[in-house]
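Taking it in order: structure first as structure tokens, then the write-up.
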Amino acid sequence: MQIKIACLPGDGIGPEVIAVAVAALQRVADLYGHELVVEEALIGAAALDAGAEPLPQTTLDLCAASDAILLGAIGDPRYSGAEGKPRPESGLLGIRKHFGLFANLRPIVPAQAVLDLSPIKPEYLAGVDILFVRELTGGIYFGAKEREVDRASDLCEYSAAEIQRVLRVAADLARKRRGKITSIDKANVMATSGLWREVCSRLLAEEYHDLEVEHLLVDAAAMHLLQRPRDFDVIVTENLFGDVLTDEASVLTGSLGMLPSASLGAAKPGLFEPVHGSAPDLAGKGVCNPMGAVLTAAMLLRHALGLETEAVAVEKAVDSTLSKRILTGDLCGPADALGTAQVGEAICSAIA
Ligand code: IPM
Ligand code: MN
């Protein structure tokens, strides 16, 4: 098939990890007889540098005409919002909102071969397979913001409809997995969480009584994630809690650099991006971990194109690279660390 991808490398280490992800996609396309068409566009600080807005219309047009969007990372300390220009991150929030990408899938699956690379003891990690479904277009990220010199406010708002649609995505996925769903909120304090829990309890009781359901408060959940990670299957939560807890959960895999994500809405194009940020301190050094981006390419193959065999081929290549201990410095000591390009080449040549 023809695969048309809008490629938005973005800022910091974004271009370095995306180069590897695109090479992996090209290798898959060659092996499995697909035609890959990749077109690049600007977003974030890269767009600001070019004198454009963080989310130029030309970028939106390219994305709208593509099967999927592959994004690197957004953020640059040179633009803090105080320069009279918008923050680069507004481009990322804008593209999520524009395409209605309300469900952000973030799998947390520590690789068997490298359980020892996490600071968490291996016996806690064996068999961990968590799928976070983070609500991505609502909550405090998108509520009205006010800022005065010595006062500020962020509004957190959710409608029942917004909660229901992301819960359905999570519950449908739980049905295809181990049949358990954990909903995380702060219902003892926040009104939005009160509504979240009410809508969740009702929906799951009415439409998903086959699922095992657990409700956790976010503070307790943060602890349980490290204490009993194997107990979780699908975790569904609101935008801000999902942002924080997935960075925490990345520790189970050894590094934030390992995590992929898929942001999906009711229609295409979906947006596929690694969970990590632009890591300005690592940018341009050729040392960042490309595995999160490559696993993101696998999610793109699976969720945007329905190419399950190809997705598994990419995931297996990452696994075998890990087994051979071909690692970047975020996963191992500096003496054993290899560069982004070396790790990327190892992954690509392992794709079969
Ligand atoms: C993420 C990132 C973004 C977010 C930032 C860059 C706006 O941290 O995708 O997790 O907070 O959603
Ligand atoms: Mn984040």
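Read-outs throughout are calculated quantities, based only on the coordinates presented, and are distinct from any laboratory measurement. In this text, all values refer to a predicted model and were calculated from it rather than measured experimentally. Glycine also receives a Cβ, built like all others from the backbone with ideal geometry; neighbour counts cover every protein chain displayed.
Things to note:
- Efficiency of FRET from Cβ geometry, GLU248 and SER153, R₀ 22 Å, rounded to 0.05: 0.25
- Percent of Cα-Cα distances greater than 19 Å, calculated over region 1-95: 41 percent
- Counting every other Cβ atom within 10 Å of each residue's Cβ, PHE241, PHE272 order from fewest to most as PHE241, PHE272.
- Volume per residue for region 185-259 equals 96 cubic angstrom (convex hull of Cα atoms).
- Protection proxy ranking of 327-339, 258-270 - average other beta-carbon atoms within 10 Å, highest first: 258-270, 327-339
- Selection of trypsin sites (Lys or Arg not before Pro), region 236-331, meeting DSSP coil and at most 12 other Cβ within 10 Å: LYS324
- Sites LYS285 and GLU206 - FRET efficiency at Förster radius 56 Å, r taken between beta-carbons, to 0.05: 0.60
- Solution diffusion estimate, µm²/s, Stokes-Einstein, the chain, Kirkwood Rh from C-alpha pairs, 37 °C, viscosity 0.692 mPa s: 159 µm²/s
- Length added when fully stretched, LYS180-VAL312, from 0.36 nm per residue minus Cα-Cα: 45.2 nm
- Think of region 119-252 as a dipole: +1 on every Lys or Arg Cβ, -1 on every Asp or Glu Cβ, centred on the Cα centre; then among LEU204, ALA187, LEU240, LEU204 lies furthest on the positive end.
- Only Lys, Arg (+1) and Asp, Glu (-1) charged, at Cβ; the chain dipole about Cα centre in debye: 420 debye
- Within a straight-line Cα-Cα reach of under 27 Å, LYS145 can be paired with the following lysines, leaving aside sequence neighbours fewer than 8 residues apart in one chain: LYS85, LYS97, LYS186.
- Across region 101-237, the convex hull enclosing all Cα atoms gives 136 Å³ per residue.
- Rounded to the nearest 20 debye, dipole of region 119-252 from Cβ charges on Lys, Arg, Asp, Glu: 340 debye
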